[in-house]
Each structure stands twice: as C-alpha cells, then as structure tokens.
1. Given the residues 122, 56, 115, 42, which is the only one that is under 28 Å from residue 168 (Cβ atoms) and not assigned by TED's automatic domain parsing to the domain that holds residue 270?
2. Considering each residue of region 223-278, count those that are under 17 Å from residue 301 (Cα atoms) and among the hydroxyl-bearing types (Ser, Thr, Tyr), and give that number.
3. Give all pairs with beta carbons closer than 6 Å in which a residue from region 168-195 that is farther than 14 Å from residue 155 by Cα and charged (D, E, K, R) meets a residue that is in a helix (DSSP H, G or I) and modelled with pLDDT under 95; count only pairs at least 6 apart in sequence or on separate chains.
4. Hey, could you check region 259-276 for residues that are under 18 Å from the mean Cα position of the chain (by Cα) and part of a helix (DSSP H, G or I) and say which is surrounded by the most Cβ atoms within 10 Å (Cβ to Cβ)?
5. Of everything in region 289-312, what is among the aliphatic types (A, V, I, L, M) and farther than 24 Å from residue 21 by Cβ? Give them in sequence order.
6. Kindly indicate whether any position in region 189-202 is in a loop (DSSP other than H, G, I, E, B), hydroxyl-bearing (Ser, Thr, Tyr) and within 17 Å of the chain's Cα centre (by Cα).
7. Being at negative phi and under 15 Å from the mean Cα position of the chain (by Cα): is that true of residue 137 here?
Amino acid sequence: MNAVEVLKARRNLKGIAVRTPLTHSKALSDLAGAEVYLKWENLQRTGAYKFRGVYNMMCSLTREERTLGVVTASSGNHAIAVSFASKMLAVKATVVVPESTPIIKLDKIEALGPNLIVMGRNSDESFVHCMELAKKTGAIYVPGTEDHRIMAGQGTIACEILEDVPDINVLIAPVGGGGLISGLGAWAKTVNPALRLIGAQSTATRVMYESLRARKVVEIVVVPTLAEGLAGQISQLELDYVSKYVDEIILAEEDGLKAAIRWILSNERQVIEGSGAVGPALILQKKVAFREDDKVAVVITGGNIDMSVLGLEADLKS
C-alpha cells in the first residue's frame, strides 16, 4: 500500500465521500502551545471515516464477487459503512456485531437493511463467527483494516488535510487495527517525510502499543472501553504498516475519554465518540510535547455515540 493507491482511492471517492472540514481550534491550541486543527470525520457519510475505505474496496469488486454478497464483523462504524456502501452498490450484505455495540450504531445498521447478526461478547468473537459465515456462504469478507484498498481509502483524509494546511508537520490519529493511520502515513510521509505521525490509543485499547514495544503481535485481553472501535487484536500485516509509517503511539487515559468528549461538545460544538476522542484526549491530558512552531492536525474519526453514555439523554428528551 502506497501513495499511488491513495490517489486511485481519491479518484474512486470523488463525488461520493464528503470532503470533511478541517478547522482551527483556538482552545486546544492554547492548551498545546502549538497550532491545532481538527479534521471532522464525524461529519462523513455514516458518521465516521470508515466509509472511505469500505467504498473504495467494494466499488472494485467484480460482478461475480458482488453476486456472492459481502460479510463483515465490526463493533459498529465499519458495519454501518459496509451496510451503506452495499445499499449504494446493490450488494447483499451480512454484518456481525458484538453484544457491546452501542444502540445508536445498531439502529443505524438496521435502518440500512443488511442481514444483521448480534453475536459475541466482543469484536474478536464476532470476527470468528463472521469468518465461519464467509466460508459457508462464499460471501466476500470486507475487513476493517487488512486490505490495501481499505487503507488507501482512509489515506484520502491525509490528502485533504495537507491540501487545506500544507505545512502541517504533526498528525495525530486513533489506532485500532491500524488501517487508518497506515493510509494516512502512506500519503503524508510521501508528501513530507519529516512529518511526525502519532497514533492515539486509550489505556484500555493498547494492543498496537504493546505490539510495537514487543516488535511482534501481542494479544491483550479485551476489556470494557468507551473507545470500543479501537478494541480487538491485530495482524502481522497491520503491525508491519504501523511500524513503517508511525513515529510513536501514545496512550490516553481511558478514564479521561468521557471528559474529552464533553470538552469537544462544549468548546467545539461537535458530538464525537470515544474512539474519536483519543486524539484530543492526548492534548487535554498533556501527553504530547509540541514545539511552538508545530502545526498539528488531529483526526476525529466518528460521532456515533449513545448520548446516555454522557448522561445527556434525559436533557435531550426534555
């Protein structure tokens, strides 16, 4: 996966994916001691960046592959993206989600009409059932990260960021399986090899962090987390790409994610989910050291969150 594939993805997504805004945050800039910009992928179609990679992969399927249909496993946003792209491309889809999937994501998936299966206590257990279905039915598996077309689609975010603010020299993005940050790195590191690419995880979703430290794939017990989209195990391919492109991964405190979501809502007037909050959380928790002349872009990956998690559901209904 490289910059050429990102360019091809951009062509495929032209007029399909939303070019999301990149806005300057004075409040975060003051806290960071550097210029901070936020890339609002919570405003992407389906409410998360996942649509870019999914559509880029699925639009390349052959007629025969489309006839077989597709199947995927996801904690939510990827499943929503697959459901949406399948509807656009008239492809039958089956999505498997874990029992921990937020209700707002379940509702969005159901509204798009795929065959929805709730199976497994976590993403890893859902994945096992998904692969059994793929083997049994012959449906094409749409991975969350482990596909060059998926990664390249996510990389188009970096194209937009560096067009809007060409002298961005620090880029922060959440890391789960690593597909997003690998795609970002393929483009950003080609345009500016000196750019500092930082991955953000929470202390409860630290699989990639520990794997990079060990220089091999490490399995970590999946625990409850507000950043459920970053939970789960990784593959060697994903680790290889993250090792190639990412300068470091920094952990945000899990206990501080809810505060980060509330801070963004209060100061930026945007609703974001736990997985999308890890980047701002690094700044709010003062986990990253910046130079005064740094220009920093932080990718906000999604906004599909149950407001009850923040204790706001009653307020919104009143």
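The values are calculated or read from the model by the stated rules, or taken from the named source; none is laboratory data. Note that the structure is predicted; figures quoted are calculated from it, not measured. Don't worry about glycine lacking a Cβ; one is built from the backbone with ideal geometry, like all the others, and counts go over all protein chains shown.
1. 56
2. Summing the residues that are under 17 Å from residue 301 (Cα atoms) and among the hydroxyl-bearing types (Ser, Thr, Tyr) in region 223-278 gives 2.
3. Final answer for the pair search is none.
4. Going through the qualifying residues, I end up with 276.
5. Passing the criteria: 289, 309.
6. no
7. no
Results for (1) assigned by TED's automatic domain parsing to the domain that holds residue 162; (2) over 17 Å from residue 30 (Cβ atoms); (3) not hydrophobic (A, V, I, L, M, F, W, C), shown as yes or no for each residue.
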residue: 235; (1), (2), (3): yes, yes, yes
residue: 277; (1), (2), (3): yes, yes, no
residue: 288; (1), (2), (3): yes, no, no
residue: 300; (1), (2), (3): yes, yes, no
residue: 305; (1), (2), (3): yes, yes, no
